[in-house]
Amino acid sequence: MKVTEHIKNANGKTLFSFEIIPPKKGKSIQDLYDNIDPLMEFNPPFIDVTTSREEYIYIEKQGLLDRKITRMRPGTVGICAAIKHKYDVDTVPHVLCGGFSKEETEYLLVDCHYLGINNVMALRGDAMSHQKYFEACDGGHQYASQLVSQIQNLNCGTYLHDVVEVDDTSNFCIGVAGYPEKHIEAPSLQTDLMRLKEKVDAGADYVVTQMFFDNKKYFEFVDAAKKAGIHVPIIPGIKPIAIKKHLQLLPQVFKIDLPQDLITNIEQCETNKQVRQVGIEWAIQQSKELQAAGVPVLHYYSMGKSDNVKAIAEAVF
Ligand code: FAD
């Protein structure tokens, strides 16, 4: 079922969902299952699976360094199919512009369609670690809005190059990213909202936000989005802080602010176990306020370990 249908069927009740990252190449999928298992009692209607950008590795060969490209956490679509099959739950693969040609994206979408996966999150992806700015690969998209258009075209039976007789079109529900504190590269929040509207106009059905720690930022963003003519569901993304280093890491990587109260509480912690507890309590407060405001879904960034998300879900759902 589509994410938007789940929201509609919930009749105003806030749903629970979460995002997982594929295991590192060579690692078992069992660890992922062990972290999903405890969350299934909260009936997530859908689970997101991220896609990692490719990266360069250097292999020494006879005194010379050979540069190879690799993806350290492959398998997004396979994991989506495996989880869908194992738990009978909808899954949402993250589909990236970065590192994929339009043709490769078309094949990936065809795979999803055959597997009965009918939700996708359309994202640009970040720059590769050695790049300052994002660069589309040869024959790839530069912006997520172009990827949304490609998916939407496929939904209308229009493939990239082939004129084919179509009697079984895909019907993907398309999610896109939104940034309550603006995307790092956007010159202003207003411009970023205009770009978000372009994604919705191209066919996006819902938005999932970047993490935020001050609900006011989310509420203002939703208001501004409505004023900009964006009328699709905007799902808040919640990340429980887990380690002290997040105080520097999250603002640096995601360009977000942390509220002073949260910073003070974390700074007072002597161990990361205490920090994890502060993160849980903050996320519970955030979640309860958002739930009371009637958000359609509370979407948690689990980053692989689910004990904190379970503690939050127990308090909220
Ligand atoms: P876009 O919507 O293309 O926007 C990127 C920037 O370009 C913005 O600053 C925007 O304002 C600007 N822009 C857009 N269109 C135009 C235009 N026509 N002209 C000029 N400027 C324009 N990354 C991963 O690698 N894997 C994941 O699985 C993943 N999952 C994510 C899930 C969520 C919910 C979120 C919020 C982010 C996720 N990301 C993921 C990170 C995301 O890929 C980055 O934030 C990326 O830098 C931007 O992606 P986007 O889809 O928002 O890009």
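The values are calculated or read from the model by the stated rules, or taken from the named source; none is laboratory data. Predicted model, so just to flag it, every value in this text is computed and none were measured. Positions of Cβ are backbone-derived with ideal geometry, glycine not excepted, and every protein chain shown enters the neighbour counts. When the accessible area is computed, the model is the full protein with side chains, heavy atoms only, and any ligands, DNA or RNA have been set aside. Shrake-Rupley method; radii C 1.70, N 1.55, O 1.52, S 1.80 Å.
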If you go through region 111-128 one residue at a time, how many are modelled with pLDDT of 95 or more and either in contact with a Phe, Trp or Tyr (Cβ under 9 Å, 6 or more places away or on another chain) or within 15 Å of the ligand (Cβ to nearest atom) (or both)?
11
Verdict on His85 being within 27 Å of Ser302 (Cα to Cα), without any contact (Cβ under 8 Å) to a residue 40 or more places away in the chain and either surrounded by fewer than 14 Cβ atoms within 10 Å (Cβ to Cβ) or more than 15 Å from the ligand (Cβ to nearest atom) (or both)
yes
The conditions are (1) touching a Pro at 6+ places or on another chain (Cβ under 6 Å); (2) part of a strand (DSSP E or B); (3) of a type outside the set (A, V, I, L, M, F, W, C), and His94 fails exactly one of them. Which is it?
(1)
Could you go through region 269-285 and let me know if any residue there is at positive phi and open to solvent by 50 Å² or more (accessible area, probe 1.4 Å).
no
Give me the residue from region 44-66 that is away from the ligand (no atom under 16 Å from the Cβ) and not in a loop (DSSP other than H, G, I, E, B) and, out of that set, least open to solvent (accessible area, probe 1.4 Å).
Asp66
Which residue out of Lys132, Lys197, Lys182 is of a type in the set (Lys, Arg) and more than 19 Å from the chain's Cα centre (by Cα)?
Lys132
Quick check on region 155-164. Is at least one of its residues open to solvent by 40 Å² or more (accessible area, probe 1.4 Å), outside any helix (DSSP H, G or I), in contact with a Gly (Cβ under 7 Å, 6 or more places away or on another chain) and more than 15 Å from the ligand (Cβ to nearest atom)?
no
Looking for whichever is of a type outside the set (Val, Ile, Thr) and more than 20 Å from the chain's Cα centre (by Cα) here; the options are Ser17, Ser52, Ser28. Which one fits?
Ser28
Being crowded, with 16+ Cβ neighbours inside 10 Å, within 10 Å of the ligand (Cβ to nearest atom) and either of a type in the set (D, E, K, R) or at pLDDT below 95 (or both): is that true of Glu198 here?
yes
Answer yes or no: is there a residue in region 225-242 that is touching a Phe, Trp or Tyr at 6+ places or on another chain (Cβ under 8 Å), open to solvent by 60 Å² or more (accessible area, probe 1.4 Å) and farther than 21 Å from Glu19 by Cα.
no
Could you pull out the residue among Ile29, Ile69 that is of a type in the set (Val, Ile, Thr) and open to solvent by 70 Å² or more (accessible area, probe 1.4 Å)?
Ile69
Verdict on Ser145 being assigned to a helix (DSSP H, G or I), touching a helix residue (DSSP H, G or I) at 6+ places or on another chain (Cβ under 7 Å) and open to solvent by less than 50 Å² (accessible area, probe 1.4 Å)
yes
